[in-house]
Amino acid sequence: MKSDDAEMTEDQIPEEETLSEDKAFDNETDYRTVIKEKFYIKWDKSSYLGQSATLNHGITHKDQKLLASMFEDVKICTFPQTVILWGAAGIGKTTLLRKAMLEWADGNIYQQFTYVFYLNGKEVNQSKDKSFVQLISNNWPNSEGPIEKILSDPRNLLFIIDSFDELDFSFEEPEFALCTDWTQKHPVSFLISSLLRKVMLPESFLLVTTRPTAWKKLVSLLHNPRCIKMPGLSKNARMGYLHHLLKDKTWAIDAICSIRKHERLFSICHVYHMCQVICTCLKEQVEKGGNVAVAATCQTTTALFTCYICSLFSQVDSSCVSLPNETLLRSLCQAAAEGIWTMKHILYKKNLRQHELTRDDLSVFLNVNVLQEDIEYKNCYAFTHLHVQEFFAALFYLLRQNPEKRDYPIKSFENLYPLLESNSSHDPHLEQMKCFLFGLLNKDRVQQLEETFNFTISMDIKGELLTCLEALEKDDSSPSQLTFLDLLHCLYETQDREFISQALSYFPRITVKVMEQTQLLIYSFCLKHCYSLQTIKLTAVAELRNLLDLNPPIAETCLMDVVAQIMHYWQDLFSVLHKNESLREMDLYESRLDESLMKILNEELSHPKCKLQKLLLGSVCFLNSCQDFSFLANCHTLTHLDLKDSNLEDSGLRNLCEALKCQQCNLRVLRLESCALNVIRCLKLSEALYRNRSLVFLNLSTNNLTDNGGQSLCKIIENPNCRLERLSLASCGLTKAVCDVLSLALTKSKRLTHLCLADNFLEDEGIKLLSDALKHPQCTLQSLVLRCCHFTQVGGEFLSSALLSNRSLIHLDLGSNSLHDSGIKLLCHVLQQSTCTLQELELMGCVLTSEGCRDLASVLVNSPNLWSLDFGNNNLRDAGLQILCEALKNPNCHIQRLGLENCGLTSVCCQDLLSLFYKSQSLVQMNLMKNPLGYDTLRKLCQVLRSPTCKIKFLALDKKEIYRKKIKRFLNDVRTSNPQLVIMPHYCNTESGYWWQYF
């Protein structure tokens, strides 16, 4: 049975209810009508940075899917309630949102939202105190609109905040101070902050646009936003559009290729307007100087923008508007610079007053399209594009008065040092301005500006920049690697060889990675003018990324030109090898070298002026089996070659062996760790080593040589002509079977002093044979590494007996072998004998406990030569440390270096450590990592470390402890009171103890 309500006809519905629904429908319809009228007017008034309406609609049509998908399936919570749309200046964010407003008003998108409110950053900035209702009521069709009723159902509302980056608010208000009442008056900053942080209308939806410079600030205010980037024109679209703009020009392909080869210039073409600016500028330059002007104009971004800016002012009619004088230009440039630093790009009245600018002053800049006045919001001025502002901001540093000659303090943004210290990752908003600044050091650029503005521009800035660069290199906290790579990009902009040479003279050690053709162009240009290098780490990739991703026919034409130049750039880059006679080390880590690069490298290393001593080819990929080491016979200064983790093929090994046999080869150190060597290859290498007369250090670790390979090397060791002093065979698949031959070789070798056999399955039987060799009076070993060789206390006793008669061994590593407390008793007894020469002993992971600490304590007090001990990874615990500390405080103890990493120490040992730090007269290095000492223990240790009587110079603590806020404050006090003390989250291994790892 139907209810009475269900049977009621439309005519029977109460009149008041019908009127209310009609009024609500009318309000919504009227609002949509007003929105359409308002945004169609805006559409007509403002073309997309000078583009046609057709292009405008084309762009928004392309992005329509993006708009439609932003809040898709909101009812089932597929997407969050907040969306950030971010992208570069001028890329079309505002245009897209205005189109969105029109599409919503027409009923095409966002119909899940009953109302959509649009707030613009410029307009909000100029608003006074008001309620939130008043803030969003601007577009309401009448003053009596039901705004409050609408806001009572926020789930159906979308708020669009356009140009967040233009909001001049700090957003530092605590959340409890924000407002929830939309009828109450507040500063507009509070209202926007409350909306963004979901304090007001938390169930509503938000769509916010911003530039990349303000992205981090915005994200910190929002709850789980969805971030969508507006990419602008794709690479192929850029090429296509440039070709479209220049399609009737005979020089178009050359121009497009010139732009494409310069990544920074090409990147700004992702905005339609910048493509137009560039092409317009190129056309003007060609008219003046012919086709040759194309390459010069596209050489750097500064060259292009200087031409563009000068062309704007060259159109000034002297009978109507005069050129700006130096004072006026300086004031505008100062405003531009401050805006770039503060990431504010709108000039309001207050900004004009701060920089002593009036509306009349701006007229010349408005007339030539350097500035534009906002057509919607009063008293708002902006540069026609961000890059134009960045250019004038850079020009400020050339026009500013010398800070040393002024009697008033300089503003923070006038200081050059922070600008040079900035990098593209942390300070992306300063990147292009910095590039323009360096580009304006070029005398041709300055001459263009002087001729345009009719006054002389001082170049004192060059000296200031060089002084800052020198200070930057000396600063321990700078420069970061990223800062240096940014510097190379900036130096390229100068195209000033003398300045580049001076600037790079402050950086004797550099690291660069060449992955793209643009990087190759920039780095090769700068480094070929660098003459003070000592060390360079260069990752060179033969298969450069760049033009290969473009569509024909433009790509094919460009590639022909690029391929012809690439080898020239590589030659320039590797010319550092002979142009820098102070260059001693080159590291090509993770490079990918082909035959062409290998040929260039060989030629440069063979150059008579090349003085290189160390060449590191770690993890290098040699494409198409291009391993060529013939340079070893020609580079007489080269003494170190590292091929670690490079797959040494048969042809490469053959080539290397031929070079090693050559009498002109002066190689002393060869590292072939993890080079895929096997028994057969080891035999071939052994033949070459037998004839070599220069090699003193050989590392063959982590190659599957097996016992047969080991035996072939033993023949080399016992050869009276062999000069090898250090040999590392760690993890080479050796067993006890090779120890008989090896033992014999050790007694015959006249020069071998260091031997590493770590991670081989030698067992007690193998250790016995090696111990017999140690007893032999002809044995010359000084360091023996037997870490993880799978022997027990039996093997330990063999070694202990050998130490009684050995007179050469000073370093012994027995780590990661199961000796136990009982296995070190004899060793401890031997170490106390006056005839024992051992100085460094490693006992990490030997299954020791506090029971063995009494024997070890006797060693600490009575050993005549021992100064370094490492007990790491043994369960000594607090009780064991107490025993050791008493011995370490003894005046007869000579231990300087002590390792106690992961020894089960807790806060219980606090007093023992404090007493040790106070009273020890010999201990200077200590490792306490991976021990849960606790906050109070570390705090008290810091107090002791501040004492002038504390001898500790190096202390290793866990990273999480060092960077804990509470501890960090105490550590800073320690560094102030005791600047000689180094506290690090890692232990510095000594070259004597870890010699096989040093190169």
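The values are calculated or read from the model by the stated rules, or taken from the named source; none is laboratory data. Quantities reported herein were computed from a predicted structural model and do not represent experimental measurements. Every residue, glycine among them, receives a Cβ derived from its backbone with ideal geometry; neighbour counts consider all protein chains shown.
If you go through segment 917-944 and pick out every residue that is closer than 14 Å to residue 984 by Cα and exposed (fewer than 15 other Cβ atoms within 10 Å of the Cβ), you end up with 0. From the list 594, 628, 642, the lone residue that is modelled with pLDDT under 95, closer than 28 Å to residue 729 by Cβ, acidic (Asp, Glu) and within 34 Å of the chain's Cα centre (by Cα) is 628.
For segment 617-659, enumerate the residues that are touching a residue at least 60 places away in the same chain (Cβ under 8 Å) and crowded, with 22+ Cβ neighbours inside 10 Å.
642
Only residues that are under 20 Å from residue 541 (Cβ atoms) and among the small types (Gly, Ala, Ser) were counted across segment 603-624, and they come to 2.
Selection of segment 154-195 for residues being in a helix (DSSP H, G or I) and hydroxyl-bearing (Ser, Thr, Tyr) yields 189, 193, 194.
Listed conditions (1) surrounded by fewer than 18 Cβ atoms within 10 Å (Cβ to Cβ); (2) outside the structural domain of residue 394 (by TED's automatic domain parsing) are all met by residue 497, apart from (2).
Only one of the numbered conditions (1) in a strand (DSSP E or B); (2) at positive phi is violated by residue 619, and that is (1).
A search for C-beta distances below 8 Å between a residue of segment 946-964 that is farther than 20 Å from residue 898 by Cβ and among the basic types (Lys, Arg) and any residue that is part of a helix (DSSP H, G or I) and at pLDDT 80 or above, counting only pairs 6+ apart in sequence or on different chains, returns 946/973; 946/974; 946/977; 964/935.
The residues in segment 349-372 that are more than 20 Å from residue 323 (Cβ to Cβ) and touching a helix residue (DSSP H, G or I) at 6+ places or on another chain (Cβ under 7 Å) can be counted, and the count is 1.
List the helices (runs of 4 or more DSSP H) inside segment 800-906, counting only whole elements, that have at least 2 residues being among the acidic types (Asp, Glu). Before the answer, list the steps.
On the way: elements: 825-831, 853-862, 877-888.
Ranges flagged: 877-888.
On the stretch given as segment 677-704, residues that are under 19 Å from residue 735 (Cα atoms), within 39 Å of the chain's Cα centre (by Cα) and of a type in the set (A, V, I, L, M) total 2.
Looking across segment 656-688 at every residue that is in contact with a helix residue (DSSP H, G or I) (Cβ under 8 Å, 6 or more places away or on another chain) and among the small types (Gly, Ala, Ser), the one that is nearest to residue 625 (Cα to Cα) is identified as 659. Is there a residue in segment 545-561 that is of a type in the set (Val, Ile, Thr), at pLDDT 95 or above and not in a loop (DSSP other than H, G, I, E, B)? Taking every residue of segment 545-561 in turn, none turns out to be of a type in the set (Val, Ile, Thr), at pLDDT 95 or above and not in a loop (DSSP other than H, G, I, E, B).
Looking across segment 743-775, just one residue is of a type in the set (Val, Ile, Thr) and either without any contact (Cβ under 8 Å) to a residue 24 or more places away in the chain or crowded, with 22+ Cβ neighbours inside 10 Å (or both), and that is 767. Using the structure shown, decide if residue 382 is among the small types (Gly, Ala, Ser), part of a strand (DSSP E or B) and either touching a residue at least 60 places away in the same chain (Cβ under 8 Å) or more than 30 Å from residue 475 (Cα to Cα) (or both). So residue 382 passes the test.
Considering segment 98-142, and only residues there that are acidic (Asp, Glu) and touching a helix residue (DSSP H, G or I) at 6+ places or on another chain (Cβ under 9 Å), the residue that is farthest from residue 210 (Cα to Cα) turns out to be 106.
Considering segment 44-115, the qualifying helices (runs of 4 or more DSSP H), each wholly inside and each with 3 or more residues that are at pLDDT 75 or above, run over 64-69, 93-105. The set of residues from segment 811-826 being buried (at least 19 other Cβ atoms within 10 Å of the Cβ) and either in contact with a Cys (Cβ under 8 Å, 6 or more places away or on another chain) or within 21 Å of residue 994 (Cα to Cα) (or both) comprises 811, 812, 813, 814, 815, 816, 817, 819, 823, 824. Evaluating residue 740 against the criteria (1) surrounded by fewer than 20 Cβ atoms within 10 Å (Cβ to Cβ); (2) under 18 Å from residue 788 (Cβ atoms); (3) in contact with a Leu (Cβ under 6 Å, 6 or more places away or on another chain) leaves one unmet condition, (2).
Kindly establish whether residue 340 is assigned by TED's automatic domain parsing to the domain that holds residue 402, in a helix (DSSP H, G or I) and of a type in the set (A, V, I, L, M).
Criteria met by residue 340.
Being part of a loop (DSSP other than H, G, I, E, B) and under 30 Å from residue 462 (Cα atoms) narrows it down to one residue among 401, 334, 389; which is it?
Residue meeting the stated conditions: 401.
One residue stands out in segment 100-137 among those that are closer than 26 Å to residue 181 by Cα and among the acidic types (Asp, Glu): the one that is surrounded by the fewest Cβ atoms within 10 Å (Cβ to Cβ), namely 129.
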